[in-house]
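Heads up: the structure comes next, in structure tokens.
Each reported figure results from applying straightforward, stated rules to the coordinates on display, with no laboratory input. Source: prediction; values computed, not measured. Cβ: placed from backbone, ideal geometry, glycine included. Neighbour counts: every protein chain shown.
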Amino acid sequence: MNEHIRGFEVVSKYKEETIDLPVRATKGSAGYDLKAAKDTVIPSIWKALLANNGLENLLEGSPIKEENKEFLASTLVPTGVKAFMPEQEYLLLANRSSNPMKKQLALPNGIGIIDADYYGNANNEGEIFVQLVNYGFEDILVKKGERIAQGIFTPYKIIDNEVNEFQTRIGGFGSSGS
């Protein structure tokens, strides 16, 4: 880990590429702007529903066809960076305020949580991915270097006398359990 207690680093698979480390836009900004590490298409969820009478079938209670389900899934956009921080702190991922209004992009779970022990995990080195869903009518191309989310370092409290046998993080995205 870096000699500092909190910050960002480029993950090794992007070391030879131009990846900007997150920065705050103004002195008063709470969030560090996270950018896309590569061009990524976020498909419209409406394509699946409008394809082959999908919306009518759904309204009638029929299942969505298997080939259309991929359009309803969220898309993971790589950032090419990882974050390190002290224990009892996490990086809160929040959508950019302009994404819903200008691009119809949202974080499907509202926020993202990057735990301190996500850094350096064996599965993906701790690379931060931003989960987005496109509720607009057209596919959206997020270009490399485009700001896609904000990261806010946030402390948290734990209960007194915690008795828990913790598991060791062994994977990447969504790896702390089901």
Using only the Cα atoms of the range 1-148, each taken as one equal point scatterer with no solvent, compute I(q) by the Debye sum, divide by I(0), and report log10 of the ratio at q = 0.14, 0.21 Å⁻¹. -0.74, -1.31
Could you calculate the contour length gain from residue 157 to residue 24, that is, 0.36 nm times the residue separation minus the distance between their Cα atoms, to one decimal place in nm? 45.4 nm
Förster radius 30 Å - calculated FRET efficiency between residue 125 and residue 72, Cβ distance, rounded to 0.05: 0.55
Mean Cβ-within-10 Å packing, highest first, puts peptides 75-86, 35-46 in the order 75-86, 35-46
Nearby lysines by direct alpha-carbon distance to residue 13 (threshold 27 angstrom, same-chain neighbours under 8 apart not counted): 35, 38, 82, 143, 144
Grab the Cα-Cα distance for residue 62 and residue 106, subtract it from 0.36 nm times how many residues apart they are, and report the gain in nm with one decimal. 13.2 nm
